[in-house]
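The values are calculated or read from the model by the stated rules, or taken from the named source; none is laboratory data. All figures in this text were calculated on a predicted structure; none of them were measured in a lab. Virtual Cβ from ideal backbone geometry, glycine too; neighbours counted across all protein chains shown. Surface accessibility is based on the protein's heavy atoms, side chains included, excluding ligands, DNA and RNA. Shrake-Rupley method; radii C 1.70, N 1.55, O 1.52, S 1.80 Å.
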Amino acid sequence: MYDVIIIGGGAAGLMAAKLLSEAGREILILEAKDKPGGRIRQIDALSFPAEGGAEFIHGNLTATIDLMHDAGIKKEKLKGKFCWVNNGKWNTGYNLFSNWDLLMQKLIACDKDISVDAFLEKWFYEKKYELLRKQFKNYVQGYDAADTKHASILAIKKDMESQDEDQWRPSSGYISIIDYLFKTIKKSRGVIKTGEVVQQIKRNKNIEVITKSGKYFCNKLIIAVPVGILQCRKKNKSFIKFPACLDNHIMAAKNIGNGSVIKFLVEFDKAFWLDKSFLADKKISAPSYIFADTIIPTWWTQYPSLHPLLTGWIAGPPATKMKDYSEKKFKECILDSLSSVFSMPVWLLEEKIKNYMVVNWIKETHILGGYSFATIQSEDARNQLKKPFDDFFYFAGEYLAENSASTVDAALQSGIEVAKKILISYQELL
């Protein structure tokens, strides 16, 4: 019998486990994958470690920064220029977005929540705004992994207002944060079992958690799985059968957006985009992000690192359309996109590529998506899910945080919050 069982060994579950185990509670983490980390994943198939999932620290996010300080993990600031490529021409600067200032004015004045599509249809329905509509939808789909038919315009507004221009990477990768949490939990005698696929949860006198390999019992349960797992159907092999008492919570989870993400890691023989001749030809300095009107529209470099890696990114409905592509089709998308970006024939591009990997988070078993986005119903849904049921069942995850939503920091915040609630409930029982 455990004090607390945590289903899910991602950032939220591990953070909660750290605090609870350090407070002397007997905890068990059941993680379906073969290692903890959730949507944090280090890819070791290239010539150097690369991020297959979460990669950036978007600003001064206190939960992440504080944890890194405790672990002695340093952060590295992103440098380089944001670049836009149109018809082979490279540009820098935000002035490429037509009527962007007008859109920002309307967005700032907006005080009623509607979908992004409804907002654009209300204020920018005329043909002269066609390019602006496309650009803003692309932005929301790419950055928020959101479907503009359902995404909350007020959530997008809040997100844009709170964005910090500075971005960072953990110098040793996000996996170093997971490793630190794992070791700290073990040191505090917490138990972590991987490869434990939870199939059913029952509520009797105590809580019973049934996996493929056995049964576990506890007084309190934290459900720290991605929102895609809470939304999946019975036929899906990631499906968990929850007790009927949680029906309202599971219904609430279905009102939170589950964003689609596919990530492409392309390793080259050298980082030719940093060559002096290339930069002089394009009349730019070292690029960080590269945006283009291509099948895979967003790319970024490792600068200031010189690793010859370009990371491609597609999210939202465009990613959903690609989720069932074959490896051959994905490779064609990579080559077509980068051939257009660099004005380079495909055969020459292929000669320069050493290796590539596609991380399709939409089809990743026990994950089923990239990260959450806010719909018009999300606020009410979050309020429902943040309320423990009878002080037995708790939910945790990036989709529940008020600030820096959809990030690792949001997951850490949620883990901290739920651990505090449980520790307070135990104190009240004394």
Self-check item: Sum of side-chain charges, N258 neighbourhood, beta-carbon under 15 Å (Lys, Arg +1; Asp, Glu -1)
Solution: +3
Quiz prompt | Fraction of beta bridges assigned by DSSP in the chain that are antiparallel (%, nearest 5) | solution = 70
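Whole-Å semi-axes of segment 73-166's equivalent ellipsoid, largest first, each the root of 5 times a Cα gyration tensor eigenvalue?
25, 19, 12
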Self-check item: Relative contact order (%) - the chain, alpha-carbon pairs under 8 angstrom, separation at least six
Solution: 25
Exercise. Would you work out if segment 90-218 is rounded, prolate or oblate? Take a ≥ b ≥ c from the square roots of the eigenvalues of the alpha-carbon gyration tensor; rounded if a/c is under 1.5, else prolate when a/b is larger than b/c, oblate otherwise.
Key: prolate
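Hey, can you find the accessible area per residue of segment 160-298 for me, probe 1.4 Å, expressed in square angstrom?
I get 49 Å² per residue for this part.
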Quiz item: Residues with beta-carbon under 15 Å from that of S277, excluding S277: net charge, scoring Lys, Arg +1 and Asp, Glu -1?
Solution: +3
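List the GluC sites (Glu not before Pro) within segment 44-149 that fall in a DSSP loop (any state other than H, G, I, E or B) and whose Cβ has at most 11 other Cβ atoms within 10 Å.
Working: sites: E51, E55, E76, E121, E126, E130; in loops: E55, E126.
Taking segment 44-149 and a limit of 11 other Cβ atoms within 10 Å, the loop GluC sites (Glu not before Pro) found are E126.
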Quiz item: In whole Å, how far is the Cα centre of segment 319-342 from that of segment 211-276?
Solution: 24
Exercise. Could you work out how far the C-alpha centroid of segment 369-430 sits from that of segment 155-190, in angstrom?
Key: 16
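When the dipole is taken about the Cα centre of segment 311-411, and only Lys, Arg (+1) and Asp, Glu (-1) are charged at their Cβ, what size is it in debye, to the nearest 20?
Values: 11 positive and 14 negative charges, 77 e Å.
The calculated dipole for segment 311-411 is roughly 360 debye.
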Practice problem: Assuming a ≥ b ≥ c are the square roots of the Cα gyration tensor eigenvalues, decide whether segment 10-75 counts as rounded (a/c under 1.5), prolate (otherwise, with a/b larger than b/c) or oblate. | Solution: oblate
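From largest to smallest, what semi-axes in whole angstrom does segment 123-184 give when each is the square root of 5 times an eigenvalue of its alpha carbon gyration tensor?
36, 12, 11
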Quiz item: If you add up the charges near M15, with Lys and Arg at +1 and Asp and Glu at -1, over every other residue whose beta carbon is less than 13 angstrom from its beta carbon, what do you get?
Solution: -4
